[in-house]
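Data first, discussion second: the structure below is written as structure tokens.
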Amino acid sequence: MGTLKDRLNDDLHTAMKARDELTTATLRMALAAVRTAEVAGSAARDLSDDEVSAVLTKESKKRREAATAFADAGRAEQAAKERSEGEILERYLPQQLSDDEIADVVRQALAAGGFSGRGQMGPAMKAAQAAVAGRAEGGRVAAEVRRQLGV
């Protein structure tokens with residue numbers, strides 16, 4: 001099986017042939033974001049599947065935030081388009097964890113690292129993010145780490 005980026009490219013070509021404009025536009029945007037990330041450092045490089053996933057997670061989050069903003073502004077059609085784009089991107093992301101699952105993963109990460117109290121928020125967050133492995137947004141993980149540390 002190819003890389004996640006290969007899958008995005010293959011699905012883009014399929015969508016173009018099927019004249020699926022929404023999927024074509026969304027995957028073009030996603031691949032552009034991946035290419036931007038590839039050339040962002042001091043030297044251009046190929047991203048790992050995890051790094052491509054991180055780019056897609058960020059793009060998906062942007063779509064959700066934009067959909068909320070458009071909905072709040074009474075622009076339902078634009079909000080629906082943003083939501084649809086987000087749903088297309090989510091097909092390429094790992095299954096997201098529920099709140100209970102995040103709580104369990106964070107609990108285990110904090111116990112394994114012996115983290116407690118406000119002063120250990122940074123290392124605790126790092127351990128929790130590693131344990132979550134892209135299956136939940138950072139904000140959700142951070143909120144749970146803060147809750148469990150009593151910060």
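The values are calculated or read from the model by the stated rules, or taken from the named source; none is laboratory data. Worth saying up front: this structure is predicted, and the values here are computed from it rather than measured. Cβ atoms come from the backbone with ideal geometry, glycine included; neighbour counts cover every protein chain shown.
Of all the residues in segment 1-47, those that are surrounded by 16 or more Cβ atoms within 10 Å (Cβ to Cβ) and of a type in the set (V, I, T) number 4.
This table checks each residue for (1) under 18 Å from D50 (Cβ atoms); (2) part of a helix (DSSP H, G or I).
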| position | (1), (2) |
| --- | --- |
| V106 | no, yes |
| S116 | no, no |
| G119 | no, yes |
| A127 | yes, yes |
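Look at R146 and say whether it is modelled with pLDDT of 90 or more, more than 27 Å from K5 (Cβ to Cβ) and surrounded by 14 or more Cβ atoms within 10 Å (Cβ to Cβ). The answer is yes for R146. The single condition from (1) surrounded by 14 or more Cβ atoms within 10 Å (Cβ to Cβ); (2) on the phi > 0 side of the Ramachandran plot that G114 fails is (1). Within segment 48-102, the set of residues being in a loop (DSSP other than H, G, I, E, B) and closer than 16 Å to T3 by Cα comprises S48, R91, Y92, L93, P94.
Would segment 61-74 turn up any residue that is within 22 Å of A130 (Cβ to Cβ) and either in contact (Cβ under 8 Å) with a residue 40 or more places away in the chain or outside the structural domain of A131 (by TED's automatic domain parsing) (or both)?
Here is the first cut: in segment 61-74, the residues within 22 Å of A130 (Cβ to Cβ) are 61.
In the following step, the residues that additionally are either in contact (Cβ under 8 Å) with a residue 40 or more places away in the chain or outside the structural domain of A131 (by TED's automatic domain parsing) (or both) were identified as 61.
Yes, that holds for at least one residue.
If the condition is being aliphatic (A, V, I, L, M) and more than 15 Å from V52 (Cβ to Cβ), then segment 5-39 contributes A15, M16, A18, L22, A25. Only one of the listed residues (E77, E87, E101, E59) is surrounded by fewer than 17 Cβ atoms within 10 Å (Cβ to Cβ), at pLDDT 90 or above, within 15 Å of the chain's Cα centre (by Cα) and not small (G, A, S). That residue is E87. Selection over segment 10-50 of residues that are touching a helix residue (DSSP H, G or I) at 6+ places or on another chain (Cβ under 7 Å) and without any contact (Cβ under 8 Å) to a residue 24 or more places away in the chain gives a count of 9.
For segment 91-130, a residue qualifies if it is of a type in the set (A, V, I, L, M) and touching a residue at least 24 places away in the same chain (Cβ under 8 Å), and the qualifying residues are L93, L97, I102, A103, V105, V106, L110, M121, A124.
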